[in-house]
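S.K.: Provided herewith is a single structure, encoded as structure tokens, for subsequent inquiry.
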Amino acid sequence: MIPTIHPTFKLNGHSLDYEGVMTVAYSYVKEGEEWEKQVGDFLLSWLDDFDVVTVKTSGSTGIPKEYKLKKQHMINSAVMTGKRFDIGIEKDVLCCLPLSYIAGKMMLVRAMTLGWHIDLVQPSTMPLKKVEKRYDFTAMSPLQVSKSLDDIHKVRKVIIGGGAVSQGLIDRLSGKHTQAFHTYGMTETASHIAVRQLYPSYEENYSVVENVTIEKDEEGKLVIHAPELARTSLVTNDLVDLINENQFKILGRVDDVINTGSVKVHPAQVEQKLSVHILEPFFLSAREDEELGEKVVLVIQGEERDLQKAFKKLDKFEVPKEIYFVKEFALTHTGKIDKRVILEKLFNKN
């Protein structure tokens, strides 16, 4: 299928129809910088006559994989986002995420589908620094938001996805003239399937978007039924508490659970507690231990320092038995902490 382009769509200030978008795409591929070539490649694949687009998962917890998404599912997702956040035609939006992964791709799909006026900037950790206008909407990673707090007022609504949002970052959003939301989703669902507001109101639980239902399996993992966004129902690796048929709370990933002394520790929950005291990037992991089976370890970016005060509110088995300080974390292409690479370097894992 060749998707239609909304008549009010603008790219970097220029009104473009199908021929105009194709011209820009070829120009980006031929003459653009690497990030612009990614934009051009996606636009060419979006406007070809195939029904699917090949996308890559982020690779933050494993090897990146390719996945074929139906264009119609991506269009459906775009429409749901427009309704959920009340972003209608001719709104000014910013794309500051790489087009090599689904989050950046979906910003362009939303703009072309819903008739937005979208500006593209080179992806970076501080994408708002040189921005000279106020946008109605954008999508950013937690790292980008944390580095852009002095400029976040340049966006009326921001959705934050691709990773956990620390309590420290939520606290620092207070007083900013921006509505901030945390999204839950994955490549296979063409972006988010659930949202929680962080500021000005705070919601602890995610609420699903329209036409999405949820349940959990016998292991406690979230199961997503989203016929307009995915080919089949999806069993995730996320352990959840179901609040009701529309709301859930993430406990952590099933493959991240640390079994220490027969006690199950969920790193995501411990990281949330620690994030009040530790503002640097960090994460919890596990190492084999003769007595405990596994022991909790903390990996933190920065210079070595005393962290005992940060551990005061942790339960006995949540307290890290070892702490590793790393000068600079490796990141995935989407700006997530690349735990796999960091741990391999630390422990020479194969």
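The values are calculated or read from the model by the stated rules, or taken from the named source; none is laboratory data. The model shown is predicted, which means the values in this text are computed figures rather than measured ones. Here Cβ is always computed from backbone atoms with ideal geometry, including for glycine, and neighbour counts include all displayed protein chains. Surface accessibility is based on the protein's heavy atoms, side chains included, excluding ligands, DNA and RNA. Shrake-Rupley method; radii C 1.70, N 1.55, O 1.52, S 1.80 Å.
S.K.: From (1) at pLDDT 95 or above; (2) in a strand (DSSP E or B); (3) in contact with a Lys or Arg (Cβ under 9 Å, 6 or more places away or on another chain); (4) over 14 Å from Tyr184 (Cβ atoms), pick out the condition that doesn't hold for Tyr202.
M.R.: Among (1) at pLDDT 95 or above; (2) in a strand (DSSP E or B); (3) in contact with a Lys or Arg (Cβ under 9 Å, 6 or more places away or on another chain); (4) over 14 Å from Tyr184 (Cβ atoms), Tyr202 violates only (2).
S.K.: Just the residues that are at pLDDT 95 or above and open to solvent by 10 Å² or more (accessible area, probe 1.4 Å), please, taken from the range 140-158.
M.R.: Once the filter is applied, which keeps residues that are at pLDDT 95 or above and open to solvent by 10 Å² or more (accessible area, probe 1.4 Å), the range 140-158 yields Leu149, Asp150, Asp151, His153, Lys154, Arg156, Lys157.
S.K.: Every residue in the range 101-125 that is small (Gly, Ala, Ser), touching a helix residue (DSSP H, G or I) at 6+ places or on another chain (Cβ under 9 Å) and open to solvent by less than 20 Å² (accessible area, probe 1.4 Å), please.
M.R.: The answer is Gly104, Ala111.
S.K.: Can you run down the residue pairs with Cβ atoms below 6 Å, 6 or more apart or on separate chains, where the first is in the range 75-94 and under 9 Å from Leu114 (Cβ atoms) and the partner is polar (S, T, N, Q) and in a loop (DSSP other than H, G, I, E, B)?
M.R.: Going by the 6 Å Cβ cut-off, the qualifying pairs are Ile89/Thr8.
S.K.: Show the residue pairs that are 6+ apart or on different chains and have beta-carbon atoms under 9 Å apart, the first residue being within the range 137-153 and of a type in the set (Lys, Arg), the second being open to solvent by 20 Å² or more (accessible area, probe 1.4 Å).
M.R.: Lys147/Ser124; Lys147/Thr125; Lys147/Met126; Lys147/Lys129
S.K.: While we're looking at this one, here's another question. Identify, from the list Ala310, Ala230, the residue that is touching a residue at least 60 places away in the same chain (Cβ under 8 Å), within 27 Å of Thr332 (Cβ to Cβ), touching a helix residue (DSSP H, G or I) at 6+ places or on another chain (Cβ under 9 Å) and open to solvent by less than 60 Å² (accessible area, probe 1.4 Å).
M.R.: Working: Ala310 fails: touching a residue at least 60 places away in the same chain (Cβ under 8 Å).
Just a single option satisfies the conditions, and that option is Ala230.
S.K.: List pairs: first in the range 318-332 and in contact (Cβ under 8 Å) with a residue 60 or more places away in the chain, second open to solvent by 60 Å² or more (accessible area, probe 1.4 Å), Cβ under 6 Å, 6+ apart or cross-chain?
M.R.: Here the result reads none, with nothing in the range 318-332 linked to a residue that is open to solvent by 60 Å² or more (accessible area, probe 1.4 Å).
S.K.: Here is a follow-up. Only one of Tyr67, Tyr28 is touching a Lys or Arg at 6+ places or on another chain (Cβ under 8 Å) and not in a helix (DSSP H, G or I). Can you tell me which?
M.R.: On the way: Tyr28 fails: not in a helix (DSSP H, G or I).
Going through Tyr67, Tyr28 in turn, the sole match is Tyr67.
S.K.: Determine whether the range 20-29 contains at least one residue that is under 20 Å from Ile193 (Cα atoms), open to solvent by less than 10 Å² (accessible area, probe 1.4 Å) and touching a residue at least 40 places away in the same chain (Cβ under 8 Å).
M.R.: Step one: of the range 20-29, the residues under 20 Å from Ile193 (Cα atoms) are none.
No: zero hits.
S.K.: Residue under question is His192, and the condition is that it be crowded, with 20+ Cβ neighbours inside 10 Å, not in a loop (DSSP other than H, G, I, E, B) and not aliphatic (A, V, I, L, M); does it hold?
M.R.: Working: crowded, with 20+ Cβ neighbours inside 10 Å: yes; not in a loop (DSSP other than H, G, I, E, B): yes; not aliphatic (A, V, I, L, M): yes.
So His192 passes the test.
S.K.: Has the range 117-134 got at least one residue that is touching a residue at least 60 places away in the same chain (Cβ under 8 Å) and touching a Lys or Arg at 6+ places or on another chain (Cβ under 6 Å)?
M.R.: First, the residues of the range 117-134 that are touching a residue at least 60 places away in the same chain (Cβ under 8 Å): 117-120, 122-123, 125.
Next, only the ones that are touching a Lys or Arg at 6+ places or on another chain (Cβ under 6 Å) stay: 117, 125.
Yes; the residues of the range 117-134 include at least one that is touching a residue at least 60 places away in the same chain (Cβ under 8 Å) and touching a Lys or Arg at 6+ places or on another chain (Cβ under 6 Å).
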